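Every number here is computed from the coordinates shown, using simple stated rules; none is lab data. Being a predicted model, the structure only gives us computed values, none of them experimental. FYI the Cβ positions are ideal-geometry reconstructions off the backbone, even for glycines, and counts take in every protein chain you see.
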Amino acid sequence: MKYINKKLKLEKLSIENIAKKFGTPSYCYSYGKLEENIKSFKKNFKSFAPLVCFSIKSNTNLNLIKEIKKFGLGADVVSMGELMLAKKAGIDSKKIVFSGVGKTSEEISYAINKNILLINAESLNEIKEINRIAKLKKTKVRIGIRINPNTDPKTLSQISTGKKENKFGVSEKTFFKLFDYCKNSNNLQLKCLSVHIGSQILDHQPYKKMLNVIDKIIHKVNYQFDYIDLGGGMGISYHENYKKLDYKKYSLAIKKFLKKHKNSKIIFEPGRSIIGNTGILLSKILYLKKSEKKNFIILDAAMNDLMRPALYGAIHKILPVVKSNKKNNKPYEFVGPICESTDKFITLKKFQELKEKELVVICDVGAYGMSLSSNYNLRPKSTELLIKGSKIKVIRKRQSYKDLI
């Protein structure tokens, strides 16, 4: 995305023209950026050729998942619906990992029937339920155990998953009990040690600590795991002040780890780092509302379209579609029309002067944008568009009021 003659373009298309043809709010994804992200991710870790399983929860658009599948990626799923979606997109069952703390009996049974690569279990009672269902089906099931390494990922508390107070994974002490249970079962094949410490991680040091914890546990049990699932969580730069994760240092730490565990294959579950910066949310200014200390820019996009800022204070950069040199003398607070005070995106000082009916884009919304959207206030969900060069493909139609009501 770049300005040409002060007008914003996504790949080879004018964003103004996209808005004229498809309306607002609209989610737009860059195919070129998606391709670049996947190739870059693979290149960073090519020395040990991991199995890369795209985190479906980050973006659930079937058409996008079909494109991601073409690059050889598998899927990380956390529900039966996501597993169904991954299969509909054509992803090989042997590249699907089922994670999550609360799998129902129906979900476990479905996953076993689909013969997926791994079910990553997170408690003794879940493992007992997997064992019970496997016994009924007279089959053996490949499972992993998710460890909680009590590692602080130094990210937002709401998206941290690897500290002891989080609901995810099991402690080292509990792990040994689960390990013994699996070894004594005729219907469980313990294939994987799994871990995932959080999301939007920008420092490689928490990953190094995580690897040290895993290394010590493997040493204590003296067991050969076919897979070490390191989860995902790699962050992206949402604004200029964010530092970037050093993939080279993370890769070196993994290679050092693999010197001791040569026969284990690494699994990654990236979502945001693959899809996050491919997407923008295109929006129109409905009204400019002036107040004493700031001016409100009321957009036609709202928290039902993009929940992240309201949910945990996430920051997304906003850009005008047409650039000008005129600056506004008061801060702008960008808000939506929903009847909640939390329906706001960002407050910016020294932004260019804006007028009603002008267009803006909210950046880096490819991950947890549309997948977290809702119909709150009975607002229809936005359309989704895939931009490839000068071509546009509608990958999800705008929801109509008839569909909704």
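The stretch 68-131: D in µm²/s via Stokes-Einstein (Kirkwood Rh, Cα pairs, 4 °C, 1.567 mPa s)?
Answer, rounded: 110 µm²/s.
In deg cm²/dmol and to the nearest 500, what is the mean residue ellipticity at 222 nm of the chain if only DSSP H runs of at least 4 residues count, each as -39500 (n - 2.57), divided by the residue total?
Here the helix-only value at 222 nm equals -8000 deg cm²/dmol.
Mean 1/r over all different Cα pairs, inverted: what Kirkwood radius does the stretch 280-358 give, in Å?
12.8 Å
Within the stretch 357-388, find all residues whose amide N lies under 17 Å from a label point positioned 7 Å from the Cα of Leu348 along Cα-to-beta-carbon.
357-366
Give the aspartates and glutamates reachable from Lys135 as a straight Cα distance under 19 Å; neighbours fewer than 8 places away on the same chain don't count.
Qualifying aspartates and glutamates at Cα under 19 Å: Glu106, Glu107, Glu126, Asp180.
What does the charge dipole of the stretch 192-312 about its Cα centre add up to, to the nearest 20 debye, if the Cβ of each Lys and Arg holds +1 and the Cβ of each Asp and Glu holds -1?
It comes to approximately 520 debye.
Cβ under 12 Å from Ile130's Cβ, Ile130 left aside: what net charge do those residues give with Lys, Arg +1 and Asp, Glu -1?
In short, +3.
Once you have all Cα-Cα distances for the stretch 183-254, histogram them in 10 Å bins from zero and send the whole-percent values.
All Cα pairs, binned at 10 Å, distribute as 17, 42, 26, 12, 4, 0 percent.
Can you flag which of Lys87/Lys391; Lys95/Lys262; Lys12/Lys243; Lys140/Lys220; Lys70/Lys94; Lys20/Lys289 are past 18 Å Cα-Cα?
Lys87/Lys391; Lys95/Lys262; Lys12/Lys243; Lys140/Lys220; Lys20/Lys289
Specify whether the C-alpha gyration tensor of the stretch 19-104 places it in the rounded, prolate or oblate class, a ≥ b ≥ c being the square roots of the eigenvalues: rounded for a/c under 1.5, otherwise prolate if a/b is larger than b/c and oblate if not.
Oblate shape, in that a/c is at least 1.5 and b/c is the bigger or equal ratio.
Charges at C-beta only: +1 for Lys and Arg, -1 for Asp and Glu. How large is the resulting dipole of the stretch 77-117 about its Cα centre, in Debye rounded to 20?
160 debye
Taking the Cβ of Ala49 as the center, what net charge do the other residues with Cβ under 9 Å away carry, scoring Lys and Arg +1 and Asp and Glu -1?
+3
Against the longest principal axis of the chain, how steep is helix 124-136, in degrees 0 to 90 to the nearest 10, with axes from Cα atoms?
70 degrees
How would you order 253-260, 97-104, 194-201 from highest to lowest mean count of nearby Cβ atoms within 10 Å?
So the peptides 253-260, 97-104, 194-201, ranked by packing, come out 194-201, 97-104, 253-260.
For Lys402, which aspartates and glutamates qualify as cross-link partners when the Cα separation must be under 20 Å and same-chain residues fewer than eight apart are set aside?
Asp300, Asp305, Glu384
Report the net charge of residues surrounding His219, where surrounding means a beta-carbon distance below 15 angstrom and charges are Lys +1, Arg +1, Asp -1, Glu -1.
That works out to +4.
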